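> Sharing a structure, written as structure tokens. Questions coming.
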Amino acid sequence: MKYTIAVIPGDGIGPEVTDQAKKALDAVAEAYDHIFLYKEAQIGACAIESTGGPLPKETIEVCKNADAILFGAVGDPKYDNDPSAKVRPEQGLLNLRRELDLYCNVKPVKAYDNLIYNSPLKREVIKGTDFVIFRELSGGIYFGKKELSKDKKMAYDSCIYTVDEISRIAHLAFKAAQNRNKKVTLVDKANVLETSRLWRKTVAEIAKEYQDVTLEFLFIDNAAMQLILNPKQFDVILTENLFGDIISDEASVISGSIGLLASSSIGNHNALFEPIHGTFHQATGKDIANPLASILSASMLLWHLGLHEEADAIERAVEKSIALGITTKDIKRKTQKSTSTSKVGDFIADYITNQDDSNMNFKNIHMGQSTII
Ligand code: IPM
Ligand code: MG
């Protein structure tokens with residue numbers, strides 16, 4: 001089959017990790033006889049430099065016309081440290097989410113057995129953790145009216161949610177729970193916030209349609225604590241935009257590295273796939289960034305296109321690279337030699353092309369040569 005994939009590498013390490021995901025997709029195309037047509041577009045700081053704005057019109061068009069979108073990262077320290085900057089790279093991503101109405105962000109969080117040592121949390125706490133975060137992505141405080149007063153002494157951001165916005169993601173979360181361990185935990189701050197009370201009421205009503213799924217409620221402050229005290233209690237976490245942003249980064253600690261977590265952002269007409277890590281500017285261009293989250297994003301993309309076997313092939317290759325220790329520095333034991341970003345990508349692509357272990361020359365990997373005999 002032929003698919004058009006919009007590729008938006010963005011800033012920082014975005015381009016180099018996205019290149020590795022493309023290698024994996026190319027290997028899938030060859031092994032399973034598909035054609036992936038990449039349409040590259042700009043976003044973020046690089047788009048500001050070349051067009052003056054963080055989200056050029058062409059980028060929106062390319063995304064709208066694609067079967068799926070593969071995204072890298074946006075941001076630049078230059079803008080982070082300038083609170084008066086009128087344009088910001090992040091606006092590109094936020095506006096794209098808004099333009100395409102990508103309202104449902106899905107982040108699977110898993111403790112890989114082979115990487116448990118890399119997490120600062122205790123082995124017995126995280127072993128067996130497997131949950132998924134459903135974060136509302138197109139509403140809430142991110143998009144509510146915001147203002148800085150003329151004298152610059154007062155500012156506000158309003159948090160707004162409608163029943164419809166809550167319902168559409170809640171249904172997706174319950175459906176996901178039906179195919180998993182049948183539990184949804186709604187994370188909110190209903191003891192303080194009106195929007196949270198609307199979430200509780202709406203989600204409790206929807207829960208009646210999913211009798212096989214248990215619904216639990218947790219306040220965000222408690223949830224932040226439970227996530228590291230006992231992460232195994234979770235199956236599907238459903239939450240609003242800002243809380244979801246925060247606990248997603250927290251949850252990445254469980255998997256051993258933020259460099260491992262992929263995510264999908266789904267709307268009714270488009271879907272975007274991106275690593276949850278940011279631009280990691282200190283690593284840009286050094287060939288040391290972990291490409292696995294981007295490669296796993298490509299796997300989620302294939303799954304979304306209905307290419308389940310192909311998606312599994314990427315996941316297996318990632319698991320193999322972790323098991324063999326063909327990984328970047330961030331998930332290495334101190335005494336082990338690390339593999340570069342591009343070499344990890346080469347290994348994954350080779351493994352997809354040649355899924356039978358017996359033909360792999362594992363010695364070559366560490367010499368930086370092709371892995372297939
Ligand atoms: C994320 C990021 C974005 C967000 C930034 C880059 C605007 O942190 O995707 O989690 O806050 O949503
Ligand atoms: Mg974030």
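The values are calculated or read from the model by the stated rules, or taken from the named source; none is laboratory data. Remember, it's a predicted structure, so these values are computed and weren't measured experimentally. As a convention, Cβ positions derive from the backbone with ideal geometry for all residues, glycine included, and neighbour counts pool all protein chains shown. For accessibility, only protein heavy atoms count, side chains too; no ligands or nucleic acids. Shrake-Rupley method; radii C 1.70, N 1.55, O 1.52, S 1.80 Å.
> Which entries of Lys78/Lys152; Lys175/Lys201; Lys64/Lys182 have Cα-Cα distances beyond 24 Å here?
Working: Lys78/Lys152 22 Å; Lys175/Lys201 19 Å; Lys64/Lys182 34 Å.
Result: Lys64/Lys182 exceed 24 Å.
> Still on this model: Between Thr214 and Lys146, what is the label-to-label distance in nm when each label sits 7 Å out along the Cα-to-Cβ direction?
3.8 nm
> A further question follows. Whole-Hz Karplus ³J(HN,Hα) for region 336-343, in order, using 6.51 cos²θ - 1.76 cosθ + 1.60 and θ = phi - 60°, x for Gly and Pro?
Along region 336-343, the couplings run 8, 7, 8, 10, 6, 3, 5, 6 Hz.
> Same structure again: What list of ³J(HN,Hα) values in whole Hz, one per residue of region 229-242 in order, does the Karplus curve 6.51 cos²θ - 1.76 cosθ + 1.60 (θ = phi - 60°) give from phi, with Gly and Pro shown as x?
Here the 3J(HN,Hα) series is 6, 8, x, 5, 6, 9, 10, 10, 9, 10, 7, 7, 4, 5 Hz.
> Still on this structure, I have one more. Tell me, what are the semi-axes, in whole angstrom and largest first, of the equivalent ellipsoid of region 241-304 as set by the roots of 5 times the Cα gyration tensor eigenvalues? Provide the component values of the computation, followed by the final result.
Numbers: eigenvalues 84, 51, 24 Å².
So the equivalent ellipsoid measures 20, 16, 11 Å along its semi-axes.
> Leaving ligands, DNA and RNA out of it, report the carbon-plus-sulfur percent of the accessible area of the chain at a 1.4 Å probe. Spell out each step's value before the answer.
Numbers: 8820 of 16930 Å².
C and S fraction of accessible area: 52 percent.
> When only alpha-carbon atoms count, how far does the chain stretch along each of its three principal axes, as whole angstroms with the largest first?
62, 49, 43
> Something else: Could you go through region 14-30 in sequence order and give the Karplus-derived ³J(HN,Hα) for each residue, using 6.51 cos²θ - 1.76 cosθ + 1.60 with θ = phi - 60°, rounded to whole Hz, and x for Gly and Pro?
Taking θ as phi minus 60°, the curve returns x, x, 6, 6, 5, 4, 5, 5, 5, 4, 5, 5, 4, 5, 5, 4, 6 Hz for region 14-30.
> Moving on. Calculate the spin-label point distance for Lys232 paired with Glu58, positioning each point 7 Å from the Cα along the beta-carbon direction, and give it in nanometres.
In this crude spin-label approximation the distance works out to 5.3 nm.
> Identify all aspartates and glutamates with a Cα-Cα distance to Lys183 below 17 Å; exclude those on the same chain that are fewer than 8 residues away in sequence.
In chain and number order, the partners are Asp130, Glu205, Glu209, Asp212, Glu216, Asp235.
> Using alpha carbon coordinates only, what is the Rg to Rh ratio of region 120-255, with Rh defined as the Kirkwood radius? Intermediate values should be presented prior to the final figure.
On the way: Rg = 16.0 Å, Rh = 15.7 Å.
Using Cα coordinates only, the ratio equals 1.02.
> Moving on. For region 120-255, give the magnitude of the charge dipole about the Cα centre (Cβ charges: +1 Lys/Arg, -1 Asp/Glu; no others), in debye to the nearest 20.
Values: 20 positive and 20 negative charges, 27 e Å.
With Lys and Arg at +1 and Asp and Glu at -1, about 140 debye.
> Computed over the Cα atoms of region 219-363, what is the convex hull's projected area averaged over all directions, in nm²?
Numbers: hull surface 43.7 nm².
Spelled out: convex hull of the Cα atoms, projected over all directions, averaged, 10.9 nm².
> Normalised by the residues of region 120-255, what does the relative contact order come to in percent, with Cα pairs under 8 Å and at least six apart? The partial results should precede the final answer.
Working: 211 pairs, mean separation 51.8, N = 136.
That works out to 38 percent.
> Amide H neighbours of Glu216 under 5 Å, counting only residues 5+ apart in sequence or on other chains, H built in-plane at 1.01 Å?
Val184, Thr185, Leu186
> Using 0.36 nm per residue, how much length does the chain from Glu40 to Ala85 gain when fully extended, once their Cα-Cα distance is taken away? Please list the in-between numbers first.
Details: separation 45, 0.36 × 45 = 16.20 nm, distance 2.69 nm.
Taking 0.36 nm per residue and subtracting the Cα distance, the gain is 13.5 nm.
> Express as a percent, rounded to the nearest 5, the fraction of DSSP beta bridges in region 120-255 (both residues included) that run antiparallel. Mind dumping the intermediate values first?
Details: 3 of 17 bridges.
Of the beta bridges lying entirely in region 120-255, close to 20 percent run antiparallel.
> Cut-off under 21 Å on the C-alpha distance; same-chain residues fewer than 8 positions from Lys332 excluded. Which lysines are left, in chain and number order?
Hits, sequence-local ones excluded: Lys110, Lys122, Lys127, Lys286, Lys320, Lys343, Lys363.
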